[in-house]
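The block underneath contains the structure these notes are about, expressed in structure tokens.
Each value in this text was obtained by applying a stated rule to the coordinates, not by laboratory testing. Quick caveat, the model's predicted, so the values are computed rather than measured. Positions of Cβ are generated from backbone atoms using ideal geometry, with glycine treated the same way; all protein chains shown enter the neighbour counts.
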Amino acid sequence: MAQNTAITSQYGDGNVASTTQAGGIFNLAMISQVGEGNDATVTQTGSWVNTAIVNQLGYYNMAWIDQVGGIINVADIYQEGGLNMASVYQAFGEDNRADVDQFGAWNMAAINQLAGYDNGADIDQDGYYNVASIFQDGGEFNDGQIDQTGVANEAWVAQVGGEENVASIRQYGWENYAETEQLGGDENYADIDQDGDYNSAAIYQEGGEFNDADIDQDGDANSASIEQIGGEDNDAEVDQEGYLNDAYILQLGGGDNLAGIDQVGEGHTGTILQAGWNNQGYIAQTGLYNSASTWQVGDYNYAMTTQSGEFNVGLVTQLGVGNYAELNQSGYDGIGVITQNGEMNSGVINQSGALNNAFMYQNGWYNTGTINQAGVMNTALMNQVGVGNTAVITQF
């Protein structure tokens, strides 16, 4: 059995190391460099099992690993210092694994995996002003994960085509940015978890089936955005805890959509926009000075907003087809508004506390209404226009 092994060790500054391996059964390439301004490159083609390892200690170092073909490709880069750059490219082959670990500041890491099968990419960065990106195109069972600890870090994961793709980003610190894109493919799952303040997270999913997107943020002044275009069985969920956070979910088309926003704290804003097909919606807010709005245009609609606390504002707008909205508020100085335009309308607003205001407008078809208020100094207004009208306002 042909087994190729190449080991290179360099100490000092400005060193260049390059290893190329082609064919064979088991290829192993290892490069270790200590110093500054070093460059390490490993290229492996064909073979059954390719393994490439690069370790660099210092600053201004660059590491490149290219693996094409092969059955099992493994790439590992470790860099400690600052202003380092790491790149892994894996094409075709099967069971590709790429791992990059960087410690320090101003580092950059990129993993690109094309086609192949059972691809796994992982980037870990500890420091500040680091940038990490993972791109996976085609193939099946793709898994991309980025973990960053520090301040002002940026992370991107993009997955195109393939099936059963998983994208996960974890960030701990402040002023971090995370973005995930999944295009086509089925059974996609994207998850972003951020702990700290002034963080921003975005997930974009288009096409495919059984898409699932989750964003979890713990801290203040964070923003979260999920967009799902087309596809079926889409599920989007945003959970935020802290102060002055903003959450936005957009779902266009697709069937069996489910959107959920759960916010705990003060000064939050939650928005759900759904257009077309099997719409649903859900927002839950606990605390003070929170604002929730749900917009549904066309098809089976259903929206529910629940708020507890003081000085909260809830708005539900539905235009066309199956409509049914329910808005519940408990506390003081709340404002609840439900606007419905056409077809199988229902309504329902429930408020408990004092100084609450409820407004409902229904335009046409099977209208129902219902506003219930418990407490003192509450205000209710209902307007119904055409067909099956029924209105109930109860204050006690």
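Farthest towards the positive end of the charge dipole of the chain, among the residues Thr51, Asn345, Gly35, is the Cα of Asn345, using unit charges on the Cβ of Lys, Arg, Asp and Glu. Of the options Ala121, Trp64, Gln159, report the single residue whose Cα projects farthest towards the positive end of the charge dipole of segment 1-173 (beta-carbon charges: Lys, Arg +1; Asp, Glu -1). Going by the charge dipole, the pick is Trp64. The DSSP beta bridges internal to the chain are antiparallel in roughly 0% of cases.
Here segment 356-396 is treated as a sphere whose radius is the Kirkwood value from Cα pairs; by Stokes-Einstein at 10 °C and 1.306 mPa s it diffuses with a coefficient of 149 µm²/s. For segment 1-173, treating each Cα as an identical point scatterer without solvent, what Debye log10 I(q)/I(0) comes out at q = 0.08 1/Å? At q = 0.08 Å⁻¹ the computed log10 ratios are -0.23. Derived scalar couplings between HN and Hα for segment 7-17 equal 10, 10, 10, 9, 10, x, 10, x, 7, 10, 10 Hz in order, rounded to whole Hz, by the Karplus curve 6.51 cos²θ - 1.76 cosθ + 1.60 (θ = phi - 60°), x for Gly and Pro. Of the residues Phe103, Gly331, Ala86, the one whose Cα sits farthest toward the positive end of the charge dipole of the chain, with +1 on the Cβ of Lys and Arg and -1 on the Cβ of Asp and Glu, is Gly331. As a rough footprinting exposure proxy, the listed residues Met382, Met377 were ranked by other beta carbons within 10 Å of their own, and the order from fewest upward is Met377, Met382. Rounded to the nearest 20 Debye, what is the dipole magnitude of the chain about its Cα centre when Lys and Arg each give +1 and Asp and Glu each give -1 at the C-beta? Dipole of the chain, to the nearest 20 debye: 880 debye.
Cα centroids of segment 81-121 and segment 331-386: 54 Å apart.
Label zone of Glu187 (point 7 Å out along Cα→Cβ, amide N under 12 Å): in segment 130-168 this covers 140-142, 163-166.
Sorting the Cα pairs of the chain by distance into bins of 20 Å, from 0 upward, gives 26, 42, 22, 9, 0 percent per bin.
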